[in-house]
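Working notes, structure below.
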Amino acid sequence: MSATPSFPPARHARAFAPGSVGNIGVGFDLLGHSILGVRDIATVRRIDEPLVRIRSITGDCTGASSLPLDAARNTAGQALISLRDQLGLAFGFELALEKGIPLGSGLGGSAASCVAALVAANALLDTPLTRDELYPFALDGESVSSGSRHGDNVAPMLLGGVVMATSTRMIPLAVPEWLHAVVVHPDQVLETRHARAVLADPYPLSLVVEQSAHLALFLTGLQRGDATLIRDGLHDLLVEPRRAPLIPGFAAAKAAALAAGALGASISGAGPSTFAWFASQAEASAAAPAMRAAFVAAGFDARAYVTPVAGPRADLLDGDDA
């Protein structure tokens, strides 16, 4: 019997990670879902030197040119450093990033860079890891940008769809196929650290209890595929009221979504992007122009994306996918 042939490990790989809606309103630092329309791409090369270096960062999106090439100060670079250190790898990685998600957009741009890099690097390992095993390294990378280890963006990028993300695990949640979202990104920049700073003051217990009831209704609605329960639950009482004043045009965009029949609408991640959920793709497509127009009326150009809530997961690219 002939032995199973062994093949040398791949020397380079290319992967994408989609954008995301962090928090989904009621699930601050806990819930998120991936989206179609925007993505980052990472090309990783396996090198003999035992280090991580970033060769280039390209892309015409806002802020790409300002990102650090120092790997330890870059979300993707730090994710790969953590991967190397934890696995005790004798080799290193060279990384090139193509940024398609604007910085400070609330679409998970920092998370997408580190997830795309990890998925590409994972393909270069002698024994690739599972997505769950990649999760801690993604959290390490994300913390470089946000200052904290939260998985509401990296988890849905790793798994796709709606995911509950704790400090130690990713839990994919049921998503009805009919659920669609509109995500509108205005030409504004809102840094995550600044958006988190307005949340520092304590909240009254009664408000926290009410928010918990909304979260319970929302999660039950997802599990049952019940649009009424999703609608009753998708109201953020904690984060949105404090961040909304930082986003000119948000109130009007949310009002436009609700007037068009949205199940709910809120701020995507730290903002300024805004999302709304709808019970069908047709309703979402019909509402998108009015939501975009609300930001234009406030003086900001904007782009609207219509996407299934059960969005894609990060994955490898071949030449045809580029």
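The values are calculated or read from the model by the stated rules, or taken from the named source; none is laboratory data. Since the structure is predicted, the reported quantities are computational estimates derived from the model, not experimental observations. Cβ sites come from the backbone with ideal geometry, for glycine too, and all protein chains shown count toward neighbours.
Every residue, every condition in (1) of a type in the set (Lys, Arg); (2) more than 15 Å from Val26 (Cα to Cα), yes or no:
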site	(1), (2)
Ser167	no, yes
Ile171	no, yes
His180	no, yes
Val183	no, yes
Arg193	yes, yes
Val198	no, yes
Val209	no, no
Leu222	no, no
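Search region 110-161 for residues being in a loop (DSSP other than H, G, I, E, B) and aliphatic (A, V, I, L, M), and hand back the single one that is surrounded by the most Cβ atoms within 10 Å (Cβ to Cβ).
If we take residues in region 110-161 being in a loop (DSSP other than H, G, I, E, B) and aliphatic (A, V, I, L, M), then Leu124 is surrounded by the most Cβ atoms within 10 Å (Cβ to Cβ).
Yes/no per residue for (1) in contact with an Asp or Glu (Cβ under 7 Å, 6 or more places away or on another chain); (2) within 13 Å of Gly59 (Cβ to Cβ); (3) among the hydrophobic types (A, V, I, L, M, F, W, C):
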site: Ser82; (1), (2), (3): yes, no, no
site: Gln86; (1), (2), (3): no, no, no
site: Gly92; (1), (2), (3): yes, no, no
site: Leu95; (1), (2), (3): no, no, yes
site: Ile101; (1), (2), (3): yes, yes, yes
site: Gly104; (1), (2), (3): yes, no, no
site: Ala111; (1), (2), (3): yes, no, yes
site: Asn122; (1), (2), (3): no, no, no
site: Asp132; (1), (2), (3): no, no, no
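State the number of residues belonging to region 274-302 that are over 11 Å from Ala253 (Cα atoms), assigned to a helix (DSSP H, G or I), touching a residue at least 60 places away in the same chain (Cβ under 8 Å) and hydrophobic (A, V, I, L, M, F, W, C).
Result for region 274-302: 1.
Do we find a residue being buried (at least 21 other Cβ atoms within 10 Å of the Cβ) and more than 16 Å from Ile35 (Cβ to Cβ) anywhere in region 298-306?
no
What residue, of Asp236, Asp232, Asp226, is in contact with a His (Cβ under 8 Å, 6 or more places away or on another chain) and free of Cβ contacts under 8 Å to residues at least 24 places away in the same chain?
Only one candidate passes the filter, namely Asp232.
Any residue in region 83-103 that's over 16 Å from Cys114 (Cβ atoms): show its pairings with residues that are assigned to a strand (DSSP E or B) at Cβ separation under 6 Å, as long as the two are six or more apart or on different chains.
The qualifying pairs are Phe91/Arg46; Gly92/Ile47; Gly92/Val52.
Here are some residues: Ile54, Ile47, Ile81, Ile41. Which one is of a type in the set (A, V, I, L, M), more than 19 Å from Ser145 (Cα to Cα), modelled with pLDDT of 95 or more and outside the structural domain of Leu219 (by TED's automatic domain parsing)?
Answer to the selection: Ile47.
Kindly establish whether Gly225 is of a type outside the set (D, E, K, R) and at positive phi.
Yes; evaluated as a whole, the condition is true for this residue.
Return a yes/no flag: does region 195-215 have any residue that is closer than 30 Å to Asp301 by Cβ and touching an Asp or Glu at 6+ places or on another chain (Cβ under 8 Å).
No, region 195-215 has no match at all.
Within region 220-238, is even one residue at pLDDT 95 or above, among the hydrophobic types (A, V, I, L, M, F, W, C), in a helix (DSSP H, G or I) and touching a Gly at 6+ places or on another chain (Cβ under 6 Å)?
Looking for residues that are at pLDDT 95 or above, among the hydrophobic types (A, V, I, L, M, F, W, C), in a helix (DSSP H, G or I) and touching a Gly at 6+ places or on another chain (Cβ under 6 Å), one finds at least one in region 220-238, hence yes.
Of all residues in region 66-81 being closer than 18 Å to Leu107 by Cα and of a type outside the set (Val, Ile, Thr), which is farthest from the chain's Cα centre (by Cα)?
My answer is Ser66.
Six or more apart or on different chains, Cβ under 9 Å: which pairs go from a residue in region 41-55 that's farther than 22 Å from Gly108 by Cα to one that's of a type in the set (Gly, Ala, Ser) and part of a loop (DSSP other than H, G, I, E, B)? Could you list them?
Arg46/Ala10; Asp48/Ala90; Pro50/Ala90
What are the residue pairs meeting all of these: first residue in region 15-27, first residue in the same structural domain as Glu94 (by TED's automatic domain parsing) and in contact (Cβ under 8 Å) with a residue 24 or more places away in the chain, second residue part of a loop (DSSP other than H, G, I, E, B) and of a type in the set (Ser, Thr, Tyr), Cβ atoms under 7 Å, and 6 or more apart or on different chains?
Val21/Ser268; Gly22/Ser268
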